[in-house]
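S.K.: Encoded as structure tokens, here's the structure I'll be asking about.
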Number of protein chains: 2
Amino acid sequence: MTRTDKPKARTARGFRDRLGAEIAAERDMLARISEVYESWGFDPLDTPALEYTDALGKFLPDVDRPNDGVFSLQDDDEQWLSLRYDLTAPLARFVAENYDALPKPFRRYAVGPVWRNEKPGPGRYRQFTQCDADTVGAPAPFADAECIAMLAEAIEAAGVGRQDFIIRINDRNVLTGLLETIGLGGDDSAPQRLKVLRAMDKFTRLGDQGVRQLLGIGRKDESGDFTEGARLEDVDAERVITFMKSSAPTNVQSCSRLMELFEGRSAAGAKGVETLSAITELLKTAGYDESRVIIDLTIIRGLEYYTGPVFEAELLTAPLDEQGRPVRFGAIASGGRYDDLVRRFKGVEVPAVGVSVGVSRLLAALDFVRGRSLEERGPVVVLALEKDRMADYQAMAAELRRAGVRAEVYLGGAGMKAQLKYADKRGAPLAVIQGSDERARGEVTIKDLVLGARLAREIEDNVKWREGQAAQISVPRAQMVDAAKRIIEGDRAW
Amino acid sequence: MTRTDKPKARTARGFRDRLGAEIAAERDMLARISEVYESWGFDPLDTPALEYTDALGKFLPDVDRPNDGVFSLQDDDEQWLSLRYDLTAPLARFVAENYDALPKPFRRYAVGPVWRNEKPGPGRYRQFTQCDADTVGAPAPFADAECIAMLAEAIEAAGVGRQDFIIRINDRNVLTGLLETIGLGGDDSAPQRLKVLRAMDKFTRLGDQGVRQLLGIGRKDESGDFTEGARLEDVDAERVITFMKSSAPTNVQSCSRLMELFEGRSAAGAKGVETLSAITELLKTAGYDESRVIIDLTIIRGLEYYTGPVFEAELLTAPLDEQGRPVRFGAIASGGRYDDLVRRFKGVEVPAVGVSVGVSRLLAALDFVRGRSLEERGPVVVLALEKDRMADYQAMAAELRRAGVRAEVYLGGAGMKAQLKYADKRGAPLAVIQGSDERARGEVTIKDLVLGARLAREIEDNVKWREGQAAQISVPRAQMVDAAKRIIEGDRAW
């Protein structure tokens, strides 16, 4: 490229700009969630976007540039830096770096962007926001129960009604127990275990039949692609299916069914049930019963990451797509116990449990459960009709602002028609007009742009509309603020 | 590095972690400033951290990796990406990309991190936060005056008293006028012009004598480094010095002095004075007189960037360092007009003016003008003394939270002494204790940790302190919340 070429103005592939209403909605939601986290004793921690690649946990491969899911670059001292891909890896680095100085347990929350060097797709961006809370240094079950209760409060504070979501919980040790009961306990079964768990993870999407194929020889999907199966014996495959369908209506029932399954056959399984039992009992005592937190044996989550309880929050009512079919929405938040994360640095196990809110999904969920209410509310626009009276117009805007009304003066230097068009484009609720006529009368004209737009749609014979009288009112200058506030509040005088 | 080595947990060079109190203070400050921007009709815009390097405006040099002040990396489609180094370059890209769809003028504000690939130093980090507001598509002087007035409101809303800061204003055309009056108007004088402006920019720091040297042959600084001078004739150097000292107590006086200087001698200079005159008159009418906005001919700012008015906000009272000497604090905000920024993409001039708050400097300024008041306020810690009563302890914490008190249960599994130490480390105002004795009596013990810490410092004969009676009270369980609130609000019952 030579310097005389003009560069093309475009966002980078997989990134996007965000504007007014969406930012405001996200900011409001994150403030409500943060307030819950803070009231539960979590303090904010802000770590940098760039971390040493090795500290972040993506090791340098044998290529020039580490590029496996993360954005990496080499510093001028030759060290590799990467943009954080989540908020947990920097937390592990922070805890290891400051271990002796920190209060233990260490409770922190964090909100911020993360980056993934992945192929972008519809709704899949390479930068997105996460909102996490973690307790480091506390073993199961108390910290886990707390984390789940706090998540329920946070989702409710964000605006999703108590009846509109549920938190499903499972335990990694219970899954280990299941695998042990079908003879996949040993180290040499690790690859097959992974295949079984991957198949189970597809239960909600594929149902019995699909998972049965994936547990057996394999499955050909609609596009014709074949996924190799786990090659379980039929009897073992059925055990897995039965297991996934054995979640009971009450958590006590689920636990006793699981205990029957594992007693004397899997220590890991028994440990998992005990943990689930303790957590759900603690939660029930605190008021979080099965209508809010339920054991669900189809929950799998991050395969090589969690070491104990895992959970996810889901909307109970699915939105419908344009054809009226329910849309698969996915988890609005998820989390679990990961006792190994600091081990990389310290060589010792540090118990930890955390939750991560899917910020853009929860925002979409809010749009759905509340109905689209996030319309842009623009400022009042004071028209600038006489150049030498700019100070007067600014004084009007200042008066409106002092009364709590967003307001600005049009600064573009165009004529009245263009100024009204600008006010419409800005989503202004009304325009304040004082030309020479109004000034001579000591008045201002207030044009109700919301009503005006509705009338323009409704009135067939739009003579009156074209005369511009339908949605405007003239008031003495001294009554400008009151009249504007009345109109904004929907209390129109005509 | 082999995979069996443990990575060292450390922040990357020039980056830092930030904790509780600082984050809360910054968040509060940015919310107040954003509220002002919004009430003036500016909407938030959020652009991604990564942009195409050419769109950002740092062109690829002839080396493999562009590295001149920005962090850059190559995407898997070979395109270069860079982390944004400010919020204005992405704004220019956004405006050019969406030009036809945007309302014009386009008013937006933005808050977020930016990155500089520079040598870090004390207090100089490679990631920091900016907070900008810009109006694109409106010429001087109205948008400039508005921007300055809004900045004054924003700084005040952030918490700096009206009497504690001032906004100094100058105009790039006035500087061009000065240079024309000393014969440096032509294209071939560009390098010398730059040297003169650089010398002038050091006026506040070096004073008459230093600037006189830099305008002449050059200057050797304390370390012995020699800076080559602009090699002006003595008479021209004196004109420059006189010019910089000719800011008058009133803006009207400054403008008439300047008009005398430029009349018939520099069209650019005359234009600059007219703009300054119009802006300061508009501001005065709106209540921003010389006590808040003053013409200061020593203000230079970004040399190759601004095209019209430039301004900066400064604290009026300097903090003192440990030796009682005033600390040079620098501008807490700055801005100006830059009419060329979108030209790179569009080939046409789009007038623009904006302001940028120096977030960390303004935070430091707030610390100074308000006195250090940003102490960490930790949650109430409910001690967990009996393992099987965790649900009771959680119920206590939940009750406190419902009453608006931050509260958490200790989850670490240690003994009472360690739990109290934890509460101290967390900055807890008090600890709630219910062991078996208290439970038998239907009471809780509340330990006032703030008073306790003070007594521990004050009491010489600390027998009573050691008995643990000095700063604690037992109340019936039902009165726990009231008692805790009274203690936190400083209304102690003993």
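S.K.: Got a sec to turn the phi values of the range B:189-202 into Karplus ³J(HN,Hα) couplings, 6.51 cos²θ - 1.76 cosθ + 1.60 with θ = phi - 60°, whole Hz, x for Gly and Pro?
M.R.: 8, 3, x, 5, 3, 4, 5, 5, 5, 4, 5, 4, 4, 9
S.K.: For A:Thr227, what residues show an amide H to amide H distance below 5 Å, using hydrogens built from the backbone and excluding near sequence neighbours?
M.R.: Under 5 Å from the amide H of A:Thr227: A:Arg219, A:Lys220, A:Asp221.
S.K.: To the nearest 100 Å², how much accessible surface do chains A and B hide from each other in total, with a 1.4 Å probe?
M.R.: 8200 Å²
S.K.: Apply the Karplus curve 6.51 cos²θ - 1.76 cosθ + 1.60, θ = phi - 60°, to the phi angles in the range A:316-330 and return the couplings in whole Hz, x for Gly and Pro.
M.R.: After applying 6.51 cos²θ - 1.76 cosθ + 1.60, I find 8, 10, 8, x, 9, 7, 4, 8, x, 8, x, 8, 6, 9, x Hz.
S.K.: Please list the non-local residues whose amide H lies under 5 Å from the amide H of A:Phe165, H modeled 1.01 Å from N, same-chain partners needing a gap of 5 or more.
M.R.: The answer is A:Leu316.
S.K.: Less than 18 Å from a label point 7 Å out along the Cα-to-Cβ axis of A:Gln192: which backbone N atoms in the range A:160-186 qualify, by residue?
M.R.: From the range A:160-186, the list is A:175-186.
S.K.: While we're here: Measuring from a point 7 Å out along Cα→Cβ, what nm distances, shortest first, does A:Gly404 have to its partners in the other copies?
M.R.: Distances between equivalent label points, in nm: 1.8.
S.K.: While we're on this one: Add -39500 (n - 2.57) for each DSSP H run of 4 or more in the protein assembly as shown, then divide by its residues: what number comes out at 222 nm, to the nearest 500 deg cm²/dmol?
M.R.: -12000 deg cm²/dmol
S.K.: Does the range A:20-369 come out rounded, prolate or oblate by the C-alpha gyration tensor, with a ≥ b ≥ c the root eigenvalues, rounded set by a/c under 1.5 and, if not, prolate when a/b is larger than b/c and oblate if not?
M.R.: rounded
S.K.: Out of all DSSP beta bridges with both ends in the range B:290-426, state the antiparallel percent to the nearest 5.
M.R.: Antiparallel bridges: around 75 percent, rounded to the nearest 5.
S.K.: Other chains near A:179-192: what is the mean number of their Cβ atoms within 10 Å of each residue's Cβ?
M.R.: Mean partner-chain Cβ count within 10 Å for A:179-192: 0.
S.K.: Report, as an integer, the average count of C-beta atoms from other chains found within 10 Å of each Cβ along A:239-252.
M.R.: 0
S.K.: Moving to a separate point now. Quick one: Cα centre-to-centre distance for the range B:269-327 and the range A:21-42, in angstrom?
M.R.: Using only Cα atoms, the two centres lie 37 Å from each other.
S.K.: With respect to the axis carrying A onto B, what is the closest chain A residue by Cβ position, and how many angstrom separate it from the axis?
M.R.: Axis-proximal residue of A, distance in whole Å: A:Leu73, 2.
S.K.: Percent relative contact order of the range B:380-488, based on C-alpha pairs within less than 8 angstrom and at least six residues apart?
M.R.: Result for the range B:380-488 is 26 percent.
S.K.: Decide, for the range B:200-349, between rounded, prolate and oblate: order the square roots of the alpha carbon gyration tensor eigenvalues as a ≥ b ≥ c, take rounded if a/c falls under 1.5, and otherwise choose prolate if a/b is larger than b/c, else oblate. Don't skip to the answer; put the middle values down first.
M.R.: Numbers: a/c = 1.42, a/b = 1.21, b/c = 1.17.
Judged from the Cα gyration tensor, the range B:200-349 comes out rounded (a/c under 1.5).
S.K.: Let me ask another. If you scale each eigenvalue of the Cα gyration tensor by 5 and take the root, what three semi-axes come out for the range A:142-275, rounded to whole angstrom and sorted largest first?
M.R.: Equivalent-ellipsoid dimensions as semi-axes: 29, 21, 13 Å.
S.K.: When Cβ neighbours within 10 Å are restricted to other protein chains, what is their mean count per residue of peptide A:278-290?
M.R.: Working: counts 1, 0, 0, 1, 3, 2, 1, 5, 6, 2, 0, 0, 0.
Rounded to a whole number, the mean comes out at 2.
S.K.: Using the 7 Å Cα-to-Cβ label point, sort the distances from B:Asp225 to its equivalents in the other copies shortest first and give them in nm to one decimal.
M.R.: Inter-copy label distances (nm, one decimal, shortest first): 5.7.
S.K.: Please work out the FRET efficiency for the pair A:Val450 and B:Arg231, using the Cβ-Cβ distance as r and a Förster radius of 45 Å; give the result to the nearest 0.05.
M.R.: 0.10
S.K.: If you restrict to DSSP beta bridges whose two residues both lie in the range B:380-488, what percentage is antiparallel, to the nearest 5?
M.R.: 65 percent
S.K.: Once the label point is set 7 Å along the Cα-to-beta-carbon vector, what list of distances in nm do you get between A:Asp339 and its counterparts in the other copies?
M.R.: 6.9
S.K.: Taking a ≥ b ≥ c as the square roots of the eigenvalues of the Cα gyration tensor of the protein assembly as shown, is the shape rounded (a/c under 1.5), prolate (a/b larger than b/c) or oblate?
M.R.: prolate
S.K.: Local charge sum around B:Leu215 (other residues, Cβ-Cβ under 11 Å, Lys/Arg +1, Asp/Glu -1)?
M.R.: Spelling it out: positives minus negatives among the neighbours equals +2.
S.K.: When ligands, DNA and RNA are left out and all protein chains stay put, how many square angstrom of accessible area per residue does the range A:78-179 have with a 1.4 Å probe? Walk me through the numbers on the way to the answer.
M.R.: Numbers: 2920 Å² over 102 residues.
Each residue of the range A:78-179 exposes 29 Å² on average to a 1.4 Å probe.
S.K.: Using alpha-carbon pairs under 8 Å, 6+ residues apart, how would you state the relative contact order of chain A in percent?
M.R.: 13 percent
S.K.: How large is ³J(HN,Hα) for each residue in the range A:148-156, as worked out from phi by the Karplus curve 6.51 cos²θ - 1.76 cosθ + 1.60 (θ = phi - 60°), to whole Hz, x for Gly and Pro?
M.R.: 3J(HN,Hα) across the range A:148-156, in whole Hz: 5, 4, 5, 4, 4, 5, 5, 5, 5.
S.K.: Given the pairs A:Lys6/A:Lys387; A:Lys6/B:Lys119; A:Lys119/A:Lys245; A:Lys425/B:Lys346, which span a C-alpha to C-alpha distance of over 26 angstrom in this model?
M.R.: On the way: A:Lys6/A:Lys387 36 Å; A:Lys6/B:Lys119 31 Å; A:Lys119/A:Lys245 35 Å; A:Lys425/B:Lys346 22 Å.
Listed pairs above 26 Å: A:Lys6/A:Lys387; A:Lys6/B:Lys119; A:Lys119/A:Lys245.
S.K.: Another question, if that's okay. So, by mean Cβ neighbours within 10 angstrom, what's the order for A:325-332, A:443-450, A:70-77, B:120-127 with the highest one leading?
M.R.: A:443-450, A:70-77, A:325-332, B:120-127
S.K.: Still on this structure, please answer the following. With an 8 Å Cα cut-off and a minimum separation of 6 or more residues, compute the relative contact order for the range B:164-292 in percent.
M.R.: About 32 percent, as a whole number.
S.K.: Ranking request for peptides A:352-360, B:292-300: highest mean number of other beta-carbon atoms within 10 Å first, then the rest in descending order. Can you show the working numbers first?
M.R.: On the way: A:352-360: 24.0, B:292-300: 21.9.
Highest mean packing first, the order is A:352-360, B:292-300.
The values are calculated or read from the model by the stated rules, or taken from the named source; none is laboratory data. If you're wondering where the values come from, they're calculated on a predicted model, not measured in any experiment. Every residue, glycine among them, receives a Cβ derived from its backbone with ideal geometry; neighbour counts consider all protein chains shown. For the accessible areas, the whole protein counts, side chains as well, though only heavy atoms, and no ligand, DNA or RNA atoms are used. Shrake-Rupley method; radii C 1.70, N 1.55, O 1.52, S 1.80 Å.
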